[in-house]
C-alpha cells in the first residue's frame, strides 16, 4: 500500500515517479541531492538559483540519465523565440541532450500564453529537445480550462490545506486529457507549520502537509524544498512511515487549514 502511495506511473511523463519531488533551490547541497537520489527520489526541480547543486545534478545525469526526471524552465517566457533560446541555454548549462519537463513559470505574470509561446513549446516537444511541456500557474480557473483543452502535459499548482481550491477549479477538469499535476507550496511557505490562534490541537508538520497533497488521487507528486539534509531526511522518513492520511487526519487537517486561512485573511487589506 505504501509503495502505491510513494510511487506512481504518470502517463503524461511516461515515467514511474517517486511522488515526493525535490526542489533544490532552498539550501540543499550537491551531496544532499546525491543522497536523495540514492533514496529513490527521481524528480528534481531546478532553477538557476540552485547552482550549488548543479555539478552534482550534471554528474547524476551523466551516470544514468533515464533514472532522473529534470524539471526546469525560463524565469520569464513572453515570446516564442526567448523560450526556444532558454531551452538551448538550459540544456547547455546542465550538459544534457534533453529536458524531461520544460515549463514556463507563473503563467499570466512572468510568462504568456500566446500563439508564439504555444508554438515554441510544442515544437520543442516535437523535436525531442524536451519530453513534456508545462506551466506553473496560480489562476485556478484558467488552469482548469487549460487542463481540458491545451497541449500542456503538466501543471504545477498551489495546493495545500489552507488553499484547497484546486479541488473545485482544476481537478475536475483533468479527466479528458490526464495531464500531470505537481503540487507546490504544500506548507504554505511554512505558514501551516505554525499553530494558528485559537487552535488547541497540535500544529501540522511538513510531512502532514505533503501527505495531505498526496492523499488526493489527482496529485501525481508534491515538491519539497528543504533547507538542509536534516529536513529532507525527516520529510522522507515520515512520508514513508505514515503513508496516506486516515479519514480522521484528513478532517483535522482541513479544519486546521481553514483556521490558518481565516486567521491570515483577517490581516488582508481589501480595497
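Please treat every number below as a calculation from the coordinates, not as lab data. Computed from a prediction, not measured in an experiment: that's the story for all the values here. Cβ: placed from backbone, ideal geometry, glycine included. Neighbour counts: every protein chain shown.
Using only the Cα atoms of region 191-249, build the gyration tensor, take square roots of its eigenvalues as a ≥ b ≥ c, and label the shape rounded, prolate or oblate: rounded if a/c is under 1.5, else prolate if a/b is larger than b/c, else oblate. Show your work: numbers first, answer last.
Values: a/c = 1.75, a/b = 1.14, b/c = 1.53.
The shape class here is oblate.
Taking the alpha-carbon centroid of each part, what is the distance from region 209-231 to region 44-118 in angstrom?
Answer, in whole Å: 21.
Nearest 500 deg cm²/dmol is fine: what mean residue ellipticity at 222 nm does the chain get from its DSSP H runs of n ≥ 4 alone, each adding -39,500 (n - 2.57), divided by its residue count?
Rounded to the nearest 500, the figure is -12000 deg cm²/dmol.
Based on the alpha carbons, how large is the Rg to Rh ratio for the chain when Rh follows Kirkwood?
When Rh is taken as the Kirkwood radius, the ratio is 0.96.
For the chain, find the longest principal axis of its Cα atoms and tell me its angle to the long axis of helix 229-242, 0 to 90°, nearest 10.
Relative to the chain, helix 229-242 is tipped by roughly 70 degrees.
Evaluate the Kirkwood expression for the hydrodynamic radius of region 32-173, namely the inverse of the mean inverse distance over all pairs of different C-alpha atoms, and round to one decimal in Å.
15.9
Compute the acute angle (0 to 90°) between the alpha-carbon long axis of helix 54-63 and the principal axis of greatest extent of the alpha-carbon atoms of the chain; round to the nearest 10°.
Tilt of helix 54-63: around 70 degrees.
Return the distance in nm (one decimal) between the two label points of a simple spin-label model at residue 215 and residue 106, each offset 7 Å from Cα along Cα→Cβ.
3.1
I'd like the antiparallel share, as a percent to the nearest 5, of DSSP beta bridges with both residues in region 2-265.
Antiparallel bridges make up about 15 percent of those DSSP assigns within region 2-265.
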